[in-house]
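Working notes, structure below.
The values are calculated or read from the model by the stated rules, or taken from the named source; none is laboratory data. Everything quoted here is computed from the prediction, not taken from an experiment. Note that each Cβ is placed from the backbone with ideal geometry, even for glycine, and that neighbours are counted across all protein chains shown. The protein model used for the area step is the full one, side chains on, heavy atoms only, and it has no ligands, DNA or RNA in it. Shrake-Rupley method; radii C 1.70, N 1.55, O 1.52, S 1.80 Å.
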Amino acid sequence: MLNTVDFLANSTPDQLLPARELMAFTLASHILLVPFGVALPFITLLMHHRGLRRNDAVALELARRWSAVMAVQFAIGIITGTVLSFEFGLLWPGMMGRWGDVFGLGFGVEAWAFFLEAVLIAIYLYGWRRLKPWTHFWLAVPLPPVALMGAFGIIAANSWMNTPQGFRLDAQGNPVDVDVRQAVFTPMFGPEYWHFVVAMLMTAGYVVAGVYAVGWLRGRRDRYHRLGFTVPFTVAAILTPIQFMLGDSAARAVFHKQPVKFAALEIVWKTDSHVPEYMFGRLNTNGIISGGLKIPQLDSILAGFKPSTQVIGLTSVPAADRPTAVQATIAHWAFDIMATIGSVLILLALWYAWSWWRHRDNPGSRWFYRCAALAGVACLFTVECGWITTEVGRQPWIVYQYMKVSEAVTSTRAGSLWAMLGIVIVVYVVVFGSFLAVVLKMRTRWRMTDEGAAAARAELPPETDTPYGPRSEPEPTTAGTVPGGGSDHTPGGAS
């Protein structure tokens, strides 16, 4: 704790600490919305397709409601994303002024993707009840690729900051002869991009499923909740073991391309072979590790598949060119938490797969649904840890081995930056509070609608209405049945 306080107090120049804190707060807030911007369109369209293909009114109702949440989330994401784009220029003018021409294309791609996504979401929302069903669906199909295009842009920029290439330095040290293709497709781009995309799909899947898991635990065990849980959870469960392999691939890429960063993630002090793996623990400034679980030789085995693999240590570079002990410990904990949660999620996915293999049904245990409800929160926490691992592990570099964070920071007085941080915190509390209030109000309205519809149609099979065409009025009990076999959606519906 004292080391952390000393580190914070001794940050130089004075404006470096508030600039870092402001960027960290806005990024940490914005990244909570990213999984839904990237992955919710895909999950929604998956449910939409199921509804159309099987003429399933419950699936269509779920897709329509998820699309409304998607639009609200996107509106909030525009606010936080715009703030971030301004902060890059305002807080880090040294980086943007010197390197903007080299890696700025990624931000441009993301901006265009943002614009296209806004248009497509508007069309998708407008199309419910106004377009022919399959026309409406096919008009929305570009949404997931556009969301992936936005992720492509931002990860291209970030991976360039980790493994910069695609330029030559002139006599004054300025980048010239920019090769855009090389600047976009850097050595870290592939591992980072696929690891990120799958993480977003997993997180959105587990969060959405978690909402219906809570409903299940509260006794709402109708088809509406079962379908709302099963589809997104299946997507997330299938991707969980894939993500474990992608995470291992990304860590191995860091080992080869950013060895000092890898040393920080694994708190390796001196270059050596037969290096042990520490689960958690704290790195001291003298290189001694306090606490944690030590597993002999495992770090070398994980890095190179054999104990004799040599792992570069932090002391292989001067102290000014490597993360401090505090920064290395922060990155190490974030990395270990991410890996631990990922491993636990594999067990949850295996539980789910076992139940379907044996019973062709979801597990019936309340503990399974408790774990499923927590999985979404755990994934959001993992997303934060992944970002901390990437950014803190790269310190003190903002552009790896080319520019330090202290060289890129603004000259604005520290007091002004602290004041700006206070204002941003207040604004974000209001914005995210409004977002939560809107979503909860939507949930309440949907539940009241379901309960009212159920009361009006007490004599009819439920969910006879579909999201297409004008709403039908309750009809006598002799009226038709639910298309395609109907649903067993019951009062108490929406979560």
Considering the stretch 354-388, residues that are polar (S, T, N, Q) and either closer than 19 Å to Leu32 by Cβ or in a helix (DSSP H, G or I) (or both), and then whichever is least open to solvent (accessible area, probe 1.4 Å), we arrive at Ser355
Taking the criterion of being among the β-branched types (Val, Ile, Thr), touching a Ser or Thr at 6+ places or on another chain (Cβ under 6 Å) and surrounded by 20 or more Cβ atoms within 10 Å (Cβ to Cβ), would at least one residue in the stretch 330-343 satisfy it? no
Subset of the stretch 322-348 (residues that are β-branched (Val, Ile, Thr) and assigned to a helix (DSSP H, G or I)): Val326, Thr329, Ile330, Ile337, Thr340, Ile341, Val344, Ile346
It is to be established whether one or more residues within the stretch 312-320 are farther than 23 Å from Gln395 by Cα and either in a loop (DSSP other than H, G, I, E, B) or among the hydroxyl-bearing types (Ser, Thr, Tyr) (or both). no
Since Tyr402 meets every condition but one in (1) in contact with a Gly (Cβ under 7 Å, 6 or more places away or on another chain); (2) open to solvent by 20 Å² or more (accessible area, probe 1.4 Å), which condition does it not meet? (1)
Failed item, numbered, when Phe42 is tested on (1) more than 28 Å from Gly415 (Cα to Cα); (2) touching a residue at least 40 places away in the same chain (Cβ under 8 Å); (3) open to solvent by less than 60 Å² (accessible area, probe 1.4 Å): (3)
When residues of the stretch 231-245 are limited to those that are among the β-branched types (Val, Ile, Thr) and over 13 Å from Val211 (Cβ atoms), the one surrounded by the most Cβ atoms within 10 Å (Cβ to Cβ): Thr240
Those residues that are within 12 Å of Asn158 (Cα to Cα) and free of Cβ contacts under 8 Å to residues at least 40 places away in the same chain, I need them from the stretch 175-189; list them, please. Phe185, Thr186, Phe189
Would you point out which residue out of Ala320, Ala325 is of a type in the set (Gly, Ala, Ser), open to solvent by less than 40 Å² (accessible area, probe 1.4 Å) and closer than 26 Å to Asn284 by Cα? Ala325
Would a scan of the stretch 290-298 turn up a residue that is touching an Asp or Glu at 6+ places or on another chain (Cβ under 7 Å), open to solvent by 20 Å² or more (accessible area, probe 1.4 Å) and among the hydrophobic types (A, V, I, L, M, F, W, C)? yes
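Looking at the structure I just gave you, is Trp351 over 28 Å from Val399 (Cβ atoms), out of contact with any Ser or Thr (no Cβ under 7 Å at 6 or more places or on another chain) and assigned to a helix (DSSP H, G or I)?
In short, yes.
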Could you tell me whether any residue of the stretch 64-82 is open to solvent by 40 Å² or more (accessible area, probe 1.4 Å) and without any contact (Cβ under 8 Å) to a residue 12 or more places away in the chain? yes
Residue tally, condition among the aliphatic types (A, V, I, L, M) and either out of contact with any strand residue (DSSP E or B) (no Cβ under 8 Å at 6 or more places or on another chain) or without any contact (Cβ under 8 Å) to a residue 40 or more places away in the chain (or both), over the stretch 264-302: 9
The helices (runs of 4 or more DSSP H) lying wholly within the stretch 107-222 that contain at least 2 residues that are in contact with an Asp or Glu (Cβ under 8 Å, 6 or more places away or on another chain), modelled with pLDDT of 90 or more and over 25 Å from Thr389 (Cβ atoms) are 143-162
In the stretch 163-218, what residues are among the charged types (D, E, K, R), surrounded by fewer than 16 Cβ atoms within 10 Å (Cβ to Cβ) and closer than 30 Å to Gly100 by Cβ? Arg168, Asp170, Asp177, Asp179, Arg181
Condition test on His225, is it open to solvent by 20 Å² or more (accessible area, probe 1.4 Å) and either assigned to a helix (DSSP H, G or I) or under 21 Å from Leu345 (Cβ atoms) (or both)? no
Looking only at the stretch 270-302, which residues are assigned to a helix (DSSP H, G or I) and modelled with pLDDT of 90 or more? Leu298, Asp299, Ser300, Ile301
